[in-house]
Every structure is written in structure tokens, then in C-alpha cells.
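To keep things clear, I will list the structure first and then write my remarks on it.
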């Protein structure tokens, strides 16, 4: 089956602009995560959705960042008034819920955001 | 707060030599530890998790709670093992099971 997909694969924008990054999780996965990976760093958690609701947004760096998942499937990460420091690869991951083990997170290919 | 440390940014070994990628963590409770791998031009994928106690592609990792370590080992490196390796941690109290990653180690296997 299809894995996690993300669009666009690359996004170049100017400082101060608004951007939207899309994530399409694996069908049936109710858990969805956004991570941000800056150059030379590991992925850093941003936000977690369980179904439609943001169950944990403790990783969002400030109020310029917002994410939605209105129908419990596709999610959009929105960044307002972009800054050069927002340049990074934004990763989306999804997982199923339930069972005895913590479920594996399956990652998308990422969106590389460059803010000029 | 939990933290994962991978002290080596780059590790180069010859084909057939043993490999050990180091990972140390800090967390006071009972974490679950993972190794993720990213091959060139591919997405991040799970390699193994400590709770499964399995060997994947010849790699093993043992959780040492006394030393708070979860080093990844392979007795004989292969060229196809060249990749970025990330150690990651989560814990049941996280609610979201969000992963905390180390900065990664780039493994280069020299033919």
C-alpha cells in the first residue's frame, strides 16, 4: 500500500510569507505527527494528532505555527510570517493505535522549506 | 526532560569490520528505545526497537539501563549499511509517544 506522502517536496518562499505543507498519512492510521529537522540535527517533535484533534502541540516553537487535521486524515502544517530560521525539512509520520506495543511511526519523505 | 546523545557525527569503517554506533539517553523513567535509519534518497525508517530484541540486517542493540545506553552493533559491516542512523526514545508517559531523536551518526563503509 501507499506510504505517507507529503507535498510539496520542496518549497522556496520569501521572509514574511505564509506557507502550507500537506501530509497524507497511511490509510487507517489515526495518529499523525509533525517533526522538523534542521541541518545537522535529528528530527524534533512539533505536534501530534489523534484523529481530528491536536492532542499534543507542545513542540510548536511559537504561535506562527499551526496545524489542522479536519477530517482525521490529511493534515496541513501552516506557518505564518516565515522567518529564515524556519528553513528545515518538515517530516510527517503516522501510526496506528492499539496493541501491547508502542506502534511504529512511518515517515513521509519530507518537505524541504527554504525561506529566503 | 528526556535527551538522546549520539557522540559521533561520522563513523567510517572498512567492509567486514565490526561496527558500533553509540547512543546514550537521559530519562528517569522506563523509556522505549529505537534505531531509525535513513539510506541515501530514502525516507526515515525503523531499523529496530529494544523491546523486540531482534536482529535486523545483522544489527543488534541492547538496552543497558545502568549505563543508560543503547548502542547499535554489527559484527561485519557491509557497503549497503552506509546511511544515517538515528537513535530515538519515547516513553509511555508521553501520551503522544512522540519520539526524541539524537543528532544522528553517518556511517560510511569503505569497500
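Note down the Stokes-Einstein diffusion coefficient of the protein assembly as shown in µm²/s, whole number, using a Kirkwood radius over alpha carbon pairs, 37 °C, and 0.692 mPa s.
Working: Rh = 18.2 Å.
Using the Kirkwood radius from Cα pairs, D works out to 180 µm²/s.
Kindly work out what percent of the DSSP beta bridges joining two residues of chain A are antiparallel, to the nearest 5.
90
Let me check against my output: what whole-number percent is the relative contact order of chain A, with C-alpha pairs under 8 Å and at least 6 apart?
36
How high is the relative contact order of chain B? Use alpha-carbon pairs under 8 Å, at least six apart in sequence, and give a whole percent.
Details: 263 pairs, mean separation 42.1, N = 111.
It rounds to 38 percent for chain B.
Using a basic spin-label model with each label point 7 Å from the Cα along Cα→Cβ, how many nm lie between residue A:30 and residue A:10?
3.9
Please compute the modelled spin-label separation between residue A:78 and residue A:22, points set 7 Å along Cα→Cβ, answer in nm with one decimal.
The answer from the label model is 1.6 nm.
Across peptide A:42-49, how many C-beta atoms of other chains are within 10 Å of each residue C-beta, on average?
Mean partner-chain Cβ count within 10 Å for A:42-49: 5.
In 5 Å bins starting at zero, report the fraction of Cα pairs in the stretch A:47-116 per bin as a rounded %.
Values per bin, smallest distances first: 3, 14, 22, 26, 18, 11, 4, 2, 1, 0.
Round to a whole angstrom and tell me the spacing of the C-alpha centers of the stretch A:37-78 and the stretch B:50-111.
Cα centroid to Cα centroid, the span is 25 Å.
Which value does Rg/Rh take for the stretch B:1-56 over its C-alpha atoms, Rh per Kirkwood?
Checking Rg against Rh, the ratio lands at 0.99.
Fewest Cβ neighbours within 10 Å first, please rank B:32, A:83, A:20, A:14 accordingly.
A:14, A:83, A:20, B:32
Report relative contact order for the stretch A:1-49 in percent, whole number only (criteria: Cα-Cα under 8 Å, sequence separation at least 6).
On the way: 46 pairs, mean separation 14.4, N = 49.
Relative CO of the stretch A:1-49 lands at 29 percent.
How do A:66, B:14, B:59, A:49 rank when sorted from fewest to most other Cβ atoms within 10 Å of their own Cβ? Intermediate results must be reported in sequence, preceding the final value.
On the way: A:66 15, B:14 9, B:59 19, A:49 24.
Going from sparsest to densest Cβ surroundings: B:14, A:66, B:59, A:49.
How shielded is B:95-106 by partner chains, expressed as the average number of their Cβ atoms within 10 Å of its Cβ atoms?
Values: counts 5, 13, 9, 12, 9, 4, 7, 2, 3, 5, 0, 0.
Taking the mean over all residues of the peptide, I get 6.
Considering only B:99, B:48, B:33, give the residue with the highest GNM mean-square fluctuation for chain B, with springs between Cα atoms whenever their separation is below 10 Å.
For chain B, modelled as a Gaussian network with Cα springs under 10 Å, the answer is B:99.
Rank B:55, B:82, B:30 by mean-square fluctuation in a GNM of chain B with C-alpha springs under 10 angstrom and give only the top-ranked residue.
Between B:55, B:82, B:30, it is B:30 that shows the largest mean-square fluctuation.
Taking the Cβ of each residue in A:116, B:11 as the centre, tally the other Cβ atoms inside 10 Å and list the residues starting with the fewest.
Arranged by neighbour count, lowest to highest, A:116, B:11 become A:116, B:11.
I want to verify the translational diffusion coefficient of the stretch A:7-99 in µm²/s; compute it with Stokes-Einstein, Rh as the Kirkwood radius over Cα pairs, at 20 °C and 1.002 mPa s.
Value of D from the Cα-based Kirkwood radius: 158 µm²/s.
Regarding the stretch B:22-111, what's the average projected area of the Cα-atom convex hull, expressed in nm²?
Result: a mean projected hull area of 6.2 nm².
As a test, work out the antiparallel percent of DSSP beta bridges whose residues both lie in the protein assembly as shown, rounded to the nearest 5.
Roughly 85 percent of the DSSP beta bridges within the protein assembly as shown come out antiparallel.
Each reported figure results from applying straightforward, stated rules to the coordinates on display, with no laboratory input. Only a predicted model underlies this, so the values are computations on that prediction, with no experimental measurement involved. Note that each Cβ is placed from the backbone with ideal geometry, even for glycine, and that neighbours are counted across all protein chains shown.
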